[in-house]
Amino acid sequence: MGNPVLVEVLRGNVVESRHRGAIAVFDADGGAVMSLGDIDRPVFPRSAVKSIQALPFVESGAADAYGFGNREIALACSSHSGEPEHAALAIAMLERAGLGADAFECGAHWSSQEHVLIEQARTLSEPTAAHNNCSGKHAGFLCTCAHLGHDPQGYVALGHPLQDAVKAAMEDVTGAAHKSDLCGTDGCSIPTYAVPLRALAQGFARMATGTGFAPERAKAARRIFAACMAEPFYVAGSGRSDTRMMEAGQGRIFTKTGAEGVFCAAIPEKGLGIALKCDDGATRAAEVMVAEVLAQLLKGDALAGTLHEMARPVLTNRRGFEVGGLRPSDVLDVQVG
């Protein structure tokens, strides 16, 4: 049996499209708070796990060695929009480590923000790797290599000491073996491993609480989450869902999107982690899912009202007329009492 319909898309008052998916909400000890759909099927978390991948950057001492603060740590966890501030900070991070932009191995692409892309097209002959949405993560990787004395060349490759450290952190946090037969290559060229949603949800609860971690790892996890929640623009960008949700949360919720309809999140005060996947890979539906789950978990709180609205975005046409919207399905709308 397939995963349930979790999001409906309306045109007028008629359901035009439906998005199926799976959602896991767990505490740090592995207790299930919400489970919808197949949460045991391995999925590629993609960019949703960048905060875990940033653990070696902080734990190694690289972040402190180069004098980095919240913005740099947040950028190391980001899928940014390629706005000028993002690209400039990524380059500045490399310069602190004595490296240049030619060290990036993530590839180049234009900004995902239309108005920024238009300006780039006017002023640049081509985008640079600093504009890549993963350049912050790669800047963190390269700074870690420089600090530890690893050869930065080939830092994205399977078997490089940096990627070995990232894999070890992922396995420790999620408790899931990162197997070679479930390994693929991410959009920015690093290895990515498919793991179950339940493991990801528990992993984010552990990141939020430090449960089961050695003291240094617990400290690093708290620092990474705090940096992202303090500087959400550097995690995402102008108007992006992660930016809007973490700005609304004011240090109470952590969220991070990933490609192909994946989203991970945490509510530190409740010790809960969230991981979800929209089956068809639609980001618009994954955003509705995570906002609704967060709203339900915070029911009775003023923040829940803001998140409830985010889970029901309005759709407009090219003339600005309201033509429909998205909403959680009845299956998702009644999960937490």
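Here is how the numbers come out for the structure above:
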read-out	value
For segment 274-300 versus segment 64-95, the gap between their alpha-carbon centres in whole angstrom	27
Label-point gap, in nm, between residue 211 and residue 182 - each point 7 angstrom along Cα→Cβ	2.1
FRET efficiency for residue 315 and residue 148, using Cβ-Cβ distance with R0 set to 30 Å, rounded to 0.05	0.05
Cα convex hull volume per residue for segment 51-116 (Å³)	94
Estimated inter-spin distance, residue 157 and residue 252, nm [label 7 Å along Cα→Cβ]	4.9
³J(HN,Hα) computed for each position of segment 67-78 - Karplus, 6.51 cos²θ - 1.76 cosθ + 1.60, integer Hz, glycine/proline x	x, 7, x, 4, 5, 5, 5, 4, 5, 5, 9, 8
Segment 1-158: C-alpha gyration tensor shape, a/c 1.5 cut-off, then a/b vs b/c	oblate
Assigned charges on the beta-carbon of Lys, Arg, Asp, Glu; the chain dipole about Cα centre (debye)	460
Total lysine pairs under 15 Å (Cα atoms) in the chain, excluding pairs fewer than 8 apart on one chain	8
Residue-level accessible surface for residue 51, protein heavy atoms, 1.4 Å, Å²	0
Sulfur and carbon atoms: percent of accessible area, the chain [1.4 Å]	49
Computed label-point distance, nm, for sites residue 172 and residue 14 using a 7 Å Cα→Cβ extension	5.6
Accessible area per residue in Å² at 1.4 Å probe, computed on segment 42-93	25
Förster-model FRET efficiency, 22 Å R0, residue 88 and residue 114, C-beta, rounded to 0.05	0.65
Size descriptor, Kirkwood hydrodynamic radius, that averages inverse alpha-carbon separations across segment 107-218, Å	16.2
Trypsin sites (Lys or Arg not before Pro) within segment 28-87: DSSP coil, no more than 13 neighbouring Cβ in 10 Å	none
Hydrodynamic radius (Kirkwood) for segment 150-285, which is based on Cα pairs only, to one decimal in Å	15.9
Stretchable slack from residue 40 to residue 95, in nm (0.36 nm times residue separation minus alpha-carbon distance)	15.5 nm
Largest-first ellipsoid semi-axes for segment 1-85, taking √(5λ) over the Cα gyration tensor eigenvalues, angstrom	36, 21, 10
Inter-centroid distance (Cα atoms) of segment 201-256 relative to segment 114-192, Å	19
Segment 264-337, accessible area per residue, ligands and nucleic acids excluded (1.4 Å, Å²)	45
Segment residue 333-residue 284, extension gain: residue separation times 0.36 nm, minus the distance between their alpha carbons	16.0 nm
Radius of gyration and Dmax over the Cα atoms of segment 190-268, both given in Å	12.9, 36
Where segment 101-174 is the region considered: accessible area per residue in Å², 1.4 Å probe	46
Cysteines not pairable in the chain (beta carbon separation under 4.7 Å absent)	77, 143, 145, 183, 228, 264, 278
Probe 1.4 Å, all protein chains present, accessible-area order of 41, 222, largest first	222, 41
HN-Hα J in Hz across segment 118-128 - Karplus 6.51, -1.76, 1.60, θ = phi - 60°, x for Gly and Pro	4, 5, 4, 4, 6, 10, 10, 6, 6, x, 10
Angstrom value of the Kirkwood radius, inverse mean 1/r, which spans all Cα pairs in the chain	20.0
Scaled radius of gyration (Cα, divided by 2.2 N^0.38 Å) that segment 274-337 gives	1.18
In degrees, nearest ten, helix 197-209 long axis to first principal axis of the chain (Cα)	70
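The values are calculated or read from the model by the stated rules, or taken from the named source; none is laboratory data. Source: prediction; values computed, not measured. Here the Cβ is made from the backbone with ideal geometry for all residues, glycine too, and neighbour counts use every protein chain on show. Keep in mind that these areas ignore ligands, DNA and RNA; they rest on the heavy atoms of the full protein, side chains included. Shrake-Rupley method; radii C 1.70, N 1.55, O 1.52, S 1.80 Å.
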